[in-house]
Amino acid sequence: MERVAIIGNSGGRKSQLARRLAARHGLPHYEVDALLWRPGWVLAPAEDYGAAHAALIAGERWVIDGLGRRDSIAARLDRAGTIILIDMPLWMHFWLAAERQVAAAQGAVMHPPGGIAEPLSTESLFRTIAEVDRDWMPEIRALVAAAERRGAIVTRLASVEEIDAFAAQL
């Protein structure tokens, strides 16, 4: 387990799992949101994101979590030897994201997405979750299946219970 990509919709506990997996295996952890977003939830220029993403995936050892730009996902999954796809029902992503929004409002989020202290508006977050579920996830599932056929080790987690059980095995 040298290059691990953890991918799925927002609010799916990808970063929590990534931090734990990286610590367990002594791998560096990178959050794609930190490349994608600037303070105030301003998108990084595509060129900056692309260069930083290419440099990360060129490395030999990493755990990378998140979605990032849609056009970067295939390259990341092609490079990963292990892929963890968090693919829960849409309502669960809404639920977990809402819990995180409440925690953020109370100042109780230890690791905010992308390291950005101010939370994304709930409306924007929920719109993004719905769009990713509808427009991105079918393609992501196909890319993961293709990577598995090429020999990548794939784990699909479809519930909080499965994520917790997987994390407990680390």
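Being among the charged types (D, E, K, R) and within 14 Å of the chain's Cα centre (by Cα): is that true of E99 here? Show your work before the answer.
Values: among the charged types (D, E, K, R): yes; within 14 Å of the chain's Cα centre (by Cα): no.
Considered against the rule, which asks whether it is among the charged types (D, E, K, R) and within 14 Å of the chain's Cα centre (by Cα), E99 comes out as no.
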Within segment 37-53, the residues that are within 30 Å of E162 (Cα to Cα) and at pLDDT 95 or above are H53
When segment 77-91 is checked residue by residue, the ones that are among the aliphatic types (A, V, I, L, M) and either within 15 Å of the chain's Cα centre (by Cα) or modelled with pLDDT under 95 (or both) are L77, A80, I83, I84, L85, I86, M88
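Return a yes/no flag: does segment 12-35 have any residue that is in contact with a Ser or Thr (Cβ under 7 Å, 6 or more places away or on another chain) and of a type outside the set (S, T, N, Q).
Kept after step one, since they are in contact with a Ser or Thr (Cβ under 7 Å, 6 or more places away or on another chain), are these residues of segment 12-35: 31.
If we keep only those that are of a type outside the set (S, T, N, Q) as well, we get 31.
Within segment 12-35, one or more residues are in contact with a Ser or Thr (Cβ under 7 Å, 6 or more places away or on another chain) and of a type outside the set (S, T, N, Q).
Among residues belonging to segment 18-36 that are of a type in the set (A, V, I, L, M, F, W, C) and touching a Leu at 6+ places or on another chain (Cβ under 8 Å), point out the one that is surrounded by the fewest Cβ atoms within 10 Å (Cβ to Cβ).
Residues of segment 18-36 that are of a type in the set (A, V, I, L, M, F, W, C), as a first pass: 18, 21-23, 27, 32, 34-36.
Retained after the next criterion (residues that are touching a Leu at 6+ places or on another chain (Cβ under 8 Å)): 21, 27, 32, 35-36.
Working: L21: 21, L27: 19, V32: 28, L35: 22, L36: 22.
Result: L27.
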Residue match in segment 77-98 (condition: surrounded by fewer than 17 Cβ atoms within 10 Å (Cβ to Cβ) and either within 19 Å of V32 (Cβ to Cβ) or touching a His at 6+ places or on another chain (Cβ under 7 Å) (or both)): yes
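Taking segment 11-31 on its own, how many of its residues are in a helix (DSSP H, G or I) and farther than 16 Å from L125 by Cα? If you could, list the steps in order and put the result at the bottom.
Taking segment 11-31 as the starting set, the residues that turn out to be in a helix (DSSP H, G or I) are 14-25.
Subset that is farther than 16 Å from L125 by Cα: 15-25.
Adding up the residues that qualify gives 11.
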For A103, the lone unmet condition from (1) among the small types (G, A, S); (2) at pLDDT 95 or above; (3) surrounded by 13 or more Cβ atoms within 10 Å (Cβ to Cβ) is (2)
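The values are calculated or read from the model by the stated rules, or taken from the named source; none is laboratory data. Just so you know, these numbers come straight off a predicted model, no measurement behind them. Positions of Cβ are generated from backbone atoms using ideal geometry, with glycine treated the same way; all protein chains shown enter the neighbour counts.
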